[in-house]
1. Given (1) at pLDDT 90 or above; (2) assigned to a helix (DSSP H, G or I), identify the lone condition not met by N330.
2. Suppose we filter E265, E211, E251, E235 for residues that are surrounded by 24 or more Cβ atoms within 10 Å (Cβ to Cβ) and charged (D, E, K, R); which single one remains?
3. Among the strands (runs of 3 or more DSSP E) contained in the range 148-236, which hold 3 or more residues that are within 18 Å of L286 (Cα to Cα) and not aromatic (F, W, Y)?
4. Would you check if T297 is modelled with pLDDT of 95 or more, within 15 Å of G244 (Cα to Cα) and in contact with an Asp or Glu (Cβ under 7 Å, 6 or more places away or on another chain)?
5. Taking only pairs six or more apart or across chains, which ones have beta-carbon atoms under 6 Å, a first residue in the range 209-220 that is under 12 Å from M358 (Cβ atoms), and a second residue that is polar (S, T, N, Q)?
6. So, L286, is that one closer than 22 Å to I207 by Cα and surrounded by 15 or more Cβ atoms within 10 Å (Cβ to Cβ) or not?
7. So I280 passes all but one of these: (1) out of contact with any strand residue (DSSP E or B) (no Cβ under 8 Å at 6 or more places or on another chain); (2) surrounded by fewer than 20 Cβ atoms within 10 Å (Cβ to Cβ); (3) over 27 Å from D78 (Cβ atoms). Which condition number does it fail?
8. Quick test for you: out of D165, D217, D205, pick the one residue that is over 20 Å from the mean Cα position of the chain (by Cα) and in the same structural domain as E89 (by TED's automatic domain parsing).
Amino acid sequence: MFNQIQSTHLEIKPNTMYPFILVDVFYALVFLLLLKLVTSAVESFTCALDDSSLRQNLERLGQLYDLQKIQNICFEKDDVIRYYDKTTELDYKVLQLCSGIGLHSKLLFAKPICSVASTSAQAALVLKEIGHVRAKNVLEIGCGQGFCTSFLATLCPHVVFHGIDIVPKHIDIATKHKELGKFTNTRFSLCDATRFENLASVSLDLIFSVEALCHLDTSTKRHDFLSHAYNRLCEHGRIVIIDGFRSFKFEQSSMNQQTAMRLAETGFRIRKMPTKDEWINLARDLNFELIEDRDLTQEVLPFWTMGWRMACFVLKFSFVLKYMKNFRINMQETVGNFISVATTAHALRDRGSAEYGMIILQKKKAIFSV
């Protein structure tokens, strides 16, 4: 009898231990995963934005993607439309969690407005110019979902704001926001800034753009835009461009910083961002004068540095990116966004290969030859 009980006990004991072993293994794996997450986060959010981290970032990106091939892609208008069409619903909602509505880079100004500026800082800069020219009709190029236009329309109820964009989804969303907000002084239309088609025939006092004219990535596109703008602006009307640019010292920056800028441009579906001087010189040829050239690189760098740190964290889990690359073809625009986020801060550092700022141009009187 005792032997039977002992035998039964010996057979049951191992079976009863298996669940406990599995639970221990599970907890051990969870602990290791949490440890990996914590150590990766600490490393990502304490590393310096310098040449060493740039080299390391490019090496890790190079293990996942053909960086040389990516830099040589020549994007067309349809690629830009597809990019925004694919990223508006997901990528930019994630961006809104970090920077608030507006889909623009967050500017960090000095106190006391540093904590409240958010993405409305660009609109505040435009608002100043609206008051200066006493605008009655204002046009936003690349209005996106209409946040900036609607924000300004609320502050300036006696000004009519026209928003144009080449992405149908953006115009649909902006129109819905107009209806929800019951804005009577906003108009949104599908329109190309190089042609100004589908735009009401009104004389414009001010034309502005926030992080959209960078997509005019050839001299021909910029020439066409400025020519149409000149014809539609009233006398002494102004253009406000708030955007990223290739740095004036791009050619003197390191090869890695140049690569960082090219990758950032590619991720945003831009062939080559113009420099400020390219805009200013062309504008002068077309009878505009420069009113202001303001550098905002230091104000925007903290925003992009935070994005870079988050990208560094993700790069430590490269299997996720490999999955996106190999099995989710419809997320290639998101991958492009990620590459831009991982490299933009490096390009902006010390204004090495990129800079951020504002250019204000004013239309001069037409010169008639006798």
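The values are calculated or read from the model by the stated rules, or taken from the named source; none is laboratory data. None of these values were measured; they are calculated from a predicted model. Cβ sites come from the backbone with ideal geometry, for glycine too, and all protein chains shown count toward neighbours.
1. Result: N330 fails condition (1) only.
2. E265
3. Fully inside the range 148-236 and qualifying: 204-210.
4. yes
5. Matching pairs, first to second residue: V210/Q122.
6. Taking the combined requirement at face value, the residue satisfies it.
7. Condition (1) is where I280 drops out.
8. Going through D165, D217, D205 in turn, the sole match is D205.
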